[in-house]
2 protein chains.
Amino acid sequence: MSTSSPDVTSSVSGSLPRQRRTYSIGELARMFEVTPRTIRFYEQEGLLAPERRGQTRVYHEKDRVRLKLTLRGKRLGFSLAEIREVIEMYDAMPDGNARQLKRLLEILGEKRANMERQLEDIRLMQRELDDVESRAREVLDRLARQGA
Amino acid sequence: MSTSSPDVTSSVSGSLPRQRRTYSIGELARMFEVTPRTIRFYEQEGLLAPERRGQTRVYHEKDRVRLKLTLRGKRLGFSLAEIREVIEMYDAMPDGNARQLKRLLEILGEKRANMERQLEDIRLMQRELDDVESRAREVLDRLARQGA
DNA sequence: GACGACGTTGACGTTAACGTAAAGTGGTTG
DNA sequence: CAACCACTTTACGTTAACGTCAACGTCGTC
């Protein structure tokens, strides 16, 4: 459904002549260093919807990009449910009503805020690490001088 | 044990005349918007070690700072076990041997790398959000013009 | 035609990080 | 003193995100 959506990947890949490359579940798994189980689980959770050729799943560029975005979201601490929410709204966008779109903007705002806080957290954490590291080096130095 | 350690908080709080303020578990919980249960759990996992006055826990500045760092670490996606590892090594630092200290520096390096990747992830994710948002606004605009 | 590599579904197991409920302790306040 | 509050321990429950295992189908090839 809604496969009429222009192209989820275009924001990243630009407008190269469509690559008709496809992937097996194993290939994707190796590419992103996850297990096939994980990929099937993501599908079950509504994050992926690969084509079926007979029994087996066939993944296109669109699916690969989705997986990439999903994993990136995960590294940033988003739950699969949150990620799915955004993906679903993105898919429904072209024929979405105003209320849905505003809700989407709302969600995006939350994500943004979240990331701003993460940036601040990282800044602070890096300072702490600097501090701990310099202390550790001091102690090491002292040990070296004494031990020698 | 190892309460002889100079002061865990000094890196942040500077060298103000020691604040002898203490906190109850409930106060801390409200301050950081977590439940007492969470704080007790962190203690059980070796992240906190509050004083005991009789039966009840008494938290000092040092504990508050630890909690703050713990929660920050969590927001950055570190597990409690990872956080504890760093805290333990920090505590053991003054009388730690060279091997331990080098291990600490190693861990700090990993954390740093992790955060570098997160920074990159955030940068990329922000671009995606920009993109999705501008598309959503376009559609909204179109709807508004048509609807009017 | 057996074998191995890869794919499939289904079901149960596991881990982290708490939530929640029960039952008791200790202080103070009307 | 009774009632209430905040705190305590113990223990079982819960959720997310997979892991693991069984049992089976489908190729290509030796």
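Quick notes on this one:
- Filter result for the condition that a residue is buried (at least 16 other Cβ atoms within 10 Å of the Cβ) and either at pLDDT below 95 or not hydroxyl-bearing (Ser, Thr, Tyr) (or both), over A:Leu67, A:Leu16: A:Leu67
- Taking the criterion of being closer than 24 Å to A:Leu101 by Cβ and either of a type in the set (A, V, I, L, M, F, W, C) or away from chain B (no Cβ under 11 Å) (or both), the residues of segment A:64-82 that qualify are A:Val65, A:Arg66, A:Leu69, A:Thr70, A:Leu76, A:Phe78, A:Ser79, A:Leu80, A:Ala81, A:Glu82.
- The condition of being crowded, with 16+ Cβ neighbours inside 10 Å, more than 9 Å from every other protein chain (Cβ to nearest Cβ), over 30 Å from B:Val65 (Cβ atoms) and in contact with a Lys or Arg (Cβ under 8 Å, 6 or more places away or on another chain) holds for only one of A:Glu51, A:Glu85, A:Glu45, A:Glu61, that being A:Glu61.
- Of all the criteria given as (1) out of contact with any strand residue (DSSP E or B) (no Cβ under 8 Å at 6 or more places or on another chain); (2) surrounded by 15 or more Cβ atoms within 10 Å (Cβ to Cβ), the one not satisfied by A:Glu106 is (2).
- Selection from segment B:88-103 of residues that are assigned to a helix (DSSP H, G or I), at the interface with chain A (Cβ under 9 Å from one of its Cβ atoms) and surrounded by 15 or more Cβ atoms within 10 Å (Cβ to Cβ): B:Met89, B:Tyr90, B:Leu101
- The one condition in (1) open to solvent by less than 30 Å² (accessible area, probe 1.4 Å); (2) more than 7 Å from chain B (Cβ to nearest Cβ); (3) farther than 21 Å from B:Ser79 by Cβ that A:Asp130 fails to fulfil: (1)
- Test: B:Arg123 is over 30 Å from A:Val139 (Cα atoms), among the basic types (Lys, Arg) and at pLDDT 90 or above: yes
- Yes/no for A:Tyr42 being within 13 Å of DNA strand C (Cβ to nearest atom) and either within 27 Å of A:Arg117 (Cβ to Cβ) or in contact (Cβ under 8 Å) with a residue 60 or more places away in the chain (or both): yes
The values are calculated or read from the model by the stated rules, or taken from the named source; none is laboratory data. The structure presented is a predicted model; accordingly, all values stated were derived computationally and were not measured. Because the Cβ atoms are built from the backbone with ideal geometry, glycine has one as well, and the counts that use them run over all protein chains shown. In case anyone asks, the SASA skips ligands and DNA or RNA and just uses the protein heavy atoms, side chains included. Shrake-Rupley method; radii C 1.70, N 1.55, O 1.52, S 1.80 Å.
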